[in-house]
Amino acid sequence: MDVIIKTTNLIRTFEEGRVRAVNGVNLNVQKGEFIAIMGSSGSGKSTLLNLIGTLDKPTSGEVIVDNINLSTLKNLDEFRAKKIGFVFQLHNLLPVLTTCGNVEIPMFELGFSNKERTRRAENLLQEVGLGKRLDFMPTKLSGGERQRVAIARALANNPKIILADEPTGNLDSKSGDEIVHLFQELNKQGRTIVMVTHDEEIASHANTIYHMRDGKILRSN
Amino acid sequence: MSGMTSGMEGTLKAGKADFSVVQKGVSDLSFSKISENRTGEIETLKDVRKATGVLLGYFSVGNNPFFLVWGVEEEDLTTVGIDIVNGSSFSQEDELIIGEAASKELNKKVGDKLILSDKEFNITGVFETSVFLQDKGVALSLKKLQEIQKQEGYVMMIYVELEEGANIAEVCQQIEEKYPDLITIKSASELGKVDKGLELMDAATWAVSFLAIIIGGIGVTNTMMMSVLERTREIGVLRAIGWKRRRILSIILGESILLCLFGILFGALGGMLGANLLTLHPALGGLLEPIYTWEVFLRALITALLVGLVGGLYPTYRATKLSPIEALKYE
């Protein structure tokens, strides 16, 4: 299988080098794999995710995503828009837009027509089981439903990779299970999923589980 | 302001007059005092068809403390642009004619009486001019007004009507050279020569406008800054899902400009309403006539767009400089 994410001796320090949030991580993620990264708060798992997703830049080391070395990449916005779908712990939906409007947001950068945007957003919302909630405002949805809208938004530009940072952290266990099953569905469709969590039950749905402590990956099982 | 200037211009260039002559060096038109003999002298000058001396006075009538009274010879009424539309002209010293607007306002018609400075006058006619300021007043015999104002032998200004094809500038120059104590007024732009009050008011209007622009600019910056701060997280999300800085920039700046456009819409409507309300005030109604020209609105529109653009610059800069990761952490 092809490697889609590869980090080599990846280091990210803060406070002038005193804090090593990511400390020499070598990680290979295969195309179509669903991995979970576990660890306590401050172990560096979210920082690692941000480095893979180009939201942050490494102090040293390199990240190669879909055969692109991120350190040589000029247009990070375009890379994020096309290759990566982000799901955050908080759904981070725009409260002034409907569910459909929220899912359409990432499509603006790829120049879809209004009609095409709406059609795609409606299909995606149906895919995540919210076909009957197209015109709802985010405040009218439950926590699990909001997170599903956020997942539909992450899928908007049909990215190969989904990066999810504690996607079930704010949900009850039932909603959390639904979300992780949704990730499994997406994984079956061929998408690579990197999920950060500290919930073992949630992590157990992944193909591979990595543990992080003090910025290092300890083991996988 | 243009309404005020226009009213003044109407007074200075009434009827058939090509220009008017007033005393030089006075700070306000109402202080101008010219010997009546000058009227005859100016009339003998080359190219001058007619010179008409008039006296203006303000009296307290009804609720209006600035009720305009014209003192003019009866035969000169048409020269100064007064057309009688009802009744007849005054022939006795205790008679006067009333402007159409004043007649409606005071509810006085031909045959009624009007008291000016404790003297009773019979209204013999109603007149109309093209100047709003004059329509809100009355006209009576020059002699009588001179007597009331204790200005016997003096007029306030002289209207000069020239022969056809005469060169206005040349005649004006001739008058100013011959009478160094007099000055000629040909257009509104020269109003400042005699009316420092109008110039001062113009300067004050500009100062107030300038202040309003600065306050407006600060208001826009503040509003947009708050908006950017409130939506820091949203901006972070937008950046994380791949929106370019340029798109964020256009949204924030667009919003800032839109804010100013709404401001101009409500400001213009409010301003028009306010100006019209001011004219309802008895003391100001006689002096003010709001004039709305498309230039005024265009100027306001351009100013609003500039204020929106400049006021929105800093918040936009802040929004586009946000790192997505910091913005996402923002509570």
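The table for this structure:
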read-out	value
Loop-exposed trypsin sites (Lys or Arg not before Pro) per DSSP, neighbour cap 12 Cβ within 10 angstrom, longest uninterrupted part of chain A	A:133-221
Among A:V96, A:V87, A:V180: highest mean-square fluctuation, GNM of chain A, C-alpha pairs under 10 Å	A:V96
Counting all C-alpha pairs of the range A:107-146, share separated by more than 15 Å (%)	46
For chain A, the Rg and Dmax computed from alpha carbons only, in angstrom	17.1, 51
Inter-chain shielding of B:233-239 (mean C-beta neighbours from other protein chains, 10 Å cut-off)	5
Approximate spin-label separation A:F14-B:N63, in nm, with each point projected 7 Å along Cα-to-Cβ	6.9
Net charge of Cβ neighbours under 13 Å - reference A:G44; Lys, Arg +1; Asp, Glu -1	+2
For the range B:161-169, 3J(HN,Hα) per residue [Karplus equation, 6.51 cos²θ - 1.76 cosθ + 1.60, θ = phi - 60°, Hz, x = Gly/Pro]	10, 9, 5, 4, x, 6, 8, 4, 4
Cut-off under 5 Å, modelled amide H: who pairs with A:I37 long-range	A:M195, A:V196, A:T197, A:Y210
Net charge, A:N67 excluded, C-beta distance under 13 Å - Lys, Arg +1, Asp, Glu -1	+1
Order of B:T205, B:T79 - criterion: other Cβ atoms within 10 Å of each residue's Cβ, fewest first	B:T205, B:T79
Aspartates and glutamates whose Cα lies under 16 Å from that of A:K132, excluding same-chain neighbours fewer than 8 positions away	A:E122, A:E145
Long-range amide H partners of B:E289 with built H, under 5 Å	B:M4
Charged-residue dipole, Cβ positions (Lys, Arg, Asp, Glu), the range B:198-329 about Cα centre, Debye nearest 20	1080
Of the GluC sites (Glu not before Pro) in the range A:1-74, those whose Cβ has at most 15 other Cβ within 10 Å and which sit in DSSP loop	A:E15, A:E16
Sorted by Cβ density within 10 Å, fewest first, the residues B:W243, B:W294	B:W294, B:W243
Contour excess over end-to-end distance, with Cα ends at A:L90 and A:S113 and 0.36 nm allotted per residue	5.4 nm
Over the range B:20-127, relative contact order from alpha-carbon pairs under 8 Å, at least 6 apart, %	19
q = 0.08 Å⁻¹, the protein assembly as shown: log10 I(q)/I(0) [Debye, one scatterer per Cα]	-0.66
Rounded to 5, percent antiparallel among DSSP beta bridges of chain A	50
Distant-in-sequence amide H partners of B:E36 (H built 1.01 Å from N, under 5 Å)	B:Y154, B:V155
Rounded to the nearest 20 debye, dipole of the protein assembly as shown from Cβ charges on Lys, Arg, Asp, Glu	4120
Paired Rg and Dmax values of the range B:2-193, which use every Cα atom, in angstrom	16.1, 47
Net +/- balance of residues flanking B:R49 in space, Cβ distance below 10 Å, scoring K and R +1, D and E -1	-4
For residues of A:96-106, the mean tally of beta carbons on other chains within 10 Å	1
Residue among B:W206, A:T47, B:V54 farthest towards the positive dipole end of the protein assembly as shown, charges placed on Cβ	A:T47
Equivalent ellipsoid dimensions for the range A:1-74 as semi-axes, Å, which come from the Cα gyration tensor, largest first	20, 15, 9
Sorted by Cβ density within 10 Å, fewest first, the residues A:D66, B:D181	B:D181, A:D66
Partners for B:K113 among aspartates and glutamates (Cα-Cα distance below 17 Å; same-chain residues under 8 apart left out)	B:E93, B:D94, B:E95, B:E100, B:E105
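Read-outs: derived from the displayed coordinates by stated rules, not from any lab. Just so it is clear, the structure is predicted and the values come from calculations on it, not from any experiment. Glycine gets a Cβ as well: all are built from the backbone with ideal geometry, and neighbour counts include every protein chain shown.
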